[in-house]
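Since the structure comes first, as structure tokens, the remarks are kept for the end.
The values are calculated or read from the model by the stated rules, or taken from the named source; none is laboratory data. No experiment lies behind these values; they were computed from the predicted model shown. So basically every Cβ, Gly included, is an ideal-geometry build from the backbone, and we count neighbours across all protein chains shown.
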Amino acid sequence: METDVMDPYLAAPAARNFLARFVEGAATPVRGFRYLNRNRALWRFAILPLVFNALITTTAFLLLFTVAGWFYAQFHPWITEGLADVWRWLVLIAEVVVGLVLLHRRIQMYHVEAAPSRCLSVTGVHLTG
């Protein structure tokens with residue numbers, strides 16, 4: 001059995017731009033399967049998580065399509081009647097996008113504000129003053 005203590009991928013510098021990081025991330029599963037094929041003894045640890053991941057993903061997609069179909073069936077008359085008024089739809093889409101952007105910003109602000117206190121409380125360091 002071959003072990004890669006110093007893998008060339010790990011020794012290489014990190015990708016700098018967005019496209020390089022995206023390609024690197026997209027290639028990660030392929031690199032993982034190659035590693036598992038080189039070290040066949042590790043498959044016994046990988047097969048159960050792969051099966052569970054496939055089951056969870058399949059269940060999530062089935063629920064997504066079921067709920068989407070239910071919503072479409074419930075709101076179908078409203079949707080087809082409302083398509084004539086394009087401006088109302090554009091305003092609704094803009095409101096949803098702005099709401100999601102504001103929610104995302106608030107979540108980011110929460111993580112920035114809460115991160116130092118969470119880290120310090122975990123380590124047991126308490127600041128006074």
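Some values worked out for this structure:
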quantity	calculated
Any chance A73 is aliphatic (A, V, I, L, M), surrounded by fewer than 10 Cβ atoms within 10 Å (Cβ to Cβ) and at pLDDT below 85	yes
Out of L42, L55, L62, sole residue that is modelled with pLDDT of 95 or more, in a helix (DSSP H, G or I) and among the hydrophobic types (A, V, I, L, M, F, W, C)	L55
